[in-house]
Amino acid sequence: MLSPEERWGEFFEAVQLAQVFPDGKTFVDCEPKYPAEQILLNYAKAKKQSEFSLRAFVLEHFSLPPAYGSDFIANADRSMSEHIRSLWPVLTRQPDEEGEGSLLPLPFPYIVPGGRFREIYYWDSYFTMLGLAADGEEEMMAHMVNNFAYLIDQVGFIPNGNRTYFLTRSQPPFFSSMVALLAEHKGGDTYVQYLPQLLREYDFWMHGQDKVDANTPAFEHVVRMPDGQLLNRYYDRSATPRPESYREDVETAEEQGGDAAQLFLDIRAACESGWDFSGRWFADSQSLASIHTTEIVPVDLNALLYHLEQCIALGYQQKLDEGQAALFQEKANRRKAAVQQYCWDEATGFFRDYDFKAAQFTPVLSMAGAYPLFFQMATEQQAARVADKLGKEFLRPGGYTSTLITTGQQWDAPNGWAPLQWMAYKGLLNYQHHALAEKGRDCWLANNRRVYENNTKMVEKYDVENIETEAGGGEYPLQDGFGWSNGVAQALLKTV
């Protein structure tokens, strides 16, 4: 399972640096028309010719990938909810056949986010599944979970997406949340059914826990805190430019002029977080060149792993293995205590990311602070203070802003994202803050409807401050489709 830069070598670098396609993801998703050896031999000969066109060569030797949902002609007479229901088949990929490109084939049908995101994405899929659940698409929900279980069985973890160039990192670990969602509909032994994969997922995130000590506080995803407690960070097993954003990463390294390998590692780790990119990962809160993701203990990641530990405990309970159930419940209890100790900031009344190298909170407050409410890790008093800050500082006319700072990055103000709206909505309901939960929901749905009525589209992200403009920022244009926006909108509409 070679990634594109490994398979194509110098040819890959030439294509990406020459920006043959405006989006670097296009080439790594292309399907070769001929065996790799033949293409490389043809390239070696052709590039010596005076009239050589690199773009023409690529188009001759590769098939371009489709953009899912972008060419869908919507019926403007349909309501937004009806439009979303009509999109599920459009965004569905059938079981994959083995190919020569970068796609990792999956055995069951699945929903892709849309546009340039033409493969399954890990954390996107949980929020897409919320919409499938709302629309009674239980079979597709099961297919999605089974595909992720298959990936865990095949490669040992769930990669960012089913592409060879994602095999060095994962994404926010929502697999346990998917299993829990499926269990709500299938009941019974769902936790037992997926217990082997839940355990393997846990092993991936905790790999190297025996290698950390006072002198080596971090190894891969595991961070040993000064008192010996274990928490986690985002991490990627490669320290090279991302194949899908190769030119951008090379240029960032040239601008920074420092340790390129560390820069690439921190950029990739931020991609594993799903928040690519945000000032929450930047030492100066503003510039990508100051990124230091691997020095940060993120509150959202550790809340997700708390839930994973709880789900494993539940699976063992259903198997009547009380010893293992108690062991994993204790792990969850210890993690909850560590999150309380290191990520709760009494001064600001909010859950925050922790810079374990500097032994202090990072400066950027973000919607990740709502995760402990979603997973019910907060006290009633903490939840009340988080709710106060969400309502007074994060909630804007069109929903919750991702952070309180503006950097030009897509995961900062003024952008809002569907998954963060859902985490806040459910988190607030968990602590009986109904009025704020409903206000945030209504602001977001009104924003969704405005864009839909103007463009007959559901898009990847939304401007929540100026609801008359499109969201921006990031390394690529605004994408439509769009998996998790569809899923969260359908789920929220069911609550109105």
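Taken together, the values in this text are just the output of simple stated rules run on the coordinates, not laboratory data. Predicted, not measured: the structure shown is a model, and the values here were computed from it. Heads up, the Cβs are rebuilt from the backbone with ideal geometry, glycines too, and the neighbour counts pull from every protein chain shown.
Figures for the structure shown
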{"item": "Using alpha-carbon coordinates, inclination of helix 80-90 to the longest axis of the chain, degrees", "result": "50 degrees"}
{"item": "Net length gained if the chain between D71 and L327 were fully extended (0.36 nm per residue, minus Cα distance)", "result": "87.1 nm"}
{"item": "Shape box of region 286-340 [Cα atoms, principal axes, largest first, Å]", "result": "51, 18, 12"}
{"item": "Dipole of the chain, positive direction: furthest Cα of Y235, I39, Y431, with charges on the beta-carbon", "result": "Y431"}
{"item": "In Hz, Karplus ³J(HN,Hα) per residue of region 91-100 (6.51, -1.76, 1.60; θ = phi - 60°; x = Gly, Pro)", "result": "8, 8, 9, 7, x, 7, 8, 4, x, 9"}
{"item": "Separation between Cα centres of region 217-239 and region 132-164, rounded to whole Å", "result": "26 Å"}
{"item": "For the chain, share of DSSP beta bridges that run antiparallel, in % to the nearest 5", "result": "95 percent"}
{"item": "Convex hull volume per residue for region 364-469, taking Cα atoms only, in Å³", "result": "86 Å³"}
{"item": "Per residue, the convex hull volume that the Cα atoms of region 4-63 enclose (Å³)", "result": "76 Å³"}
{"item": "Modelled FRET efficiency - R0 35 Å, D388 with K33, Cβ distances, 0.05 increments", "result": "0.05"}
{"item": "Other-chain or far-sequence residues with amide H under 5 Å of N232's (modelled H)", "result": "V223"}
{"item": "Stretch gain in nm, segment L17-Q432, where the contour uses 0.36 nm per residue and the Cα spacing is subtracted", "result": "144.1 nm"}
{"item": "Loop sites in region 55-94: chymotrypsin sites (Phe, Trp or Tyr not before Pro), DSSP, at most 15 other Cβ within 10 Å", "result": "none"}
{"item": "On Cα atoms only, tilt of 246-256 relative to the major axis of the chain in degrees", "result": "70 degrees"}
{"item": "Per-pair calculated FRET efficiency, R0 = 25 Å: T495 and E82 via Cβ, rounded to 0.05", "result": "0.90"}
{"item": "Region 1-141 shape via C-alpha gyration tensor axes, a/c threshold 1.5", "result": "prolate"}
{"item": "Computed over the chain, Cα set: Rg, Dmax in Å", "result": "22.3, 73"}
{"item": "Karplus-derived 3J(HN,Hα), 6.51/-1.76/1.60, for each residue of region 315-329, Hz, glycine and proline x", "result": "x, 5, 4, 5, 7, 6, 9, 5, x, 5, 4, 5, 4, 6, 5"}
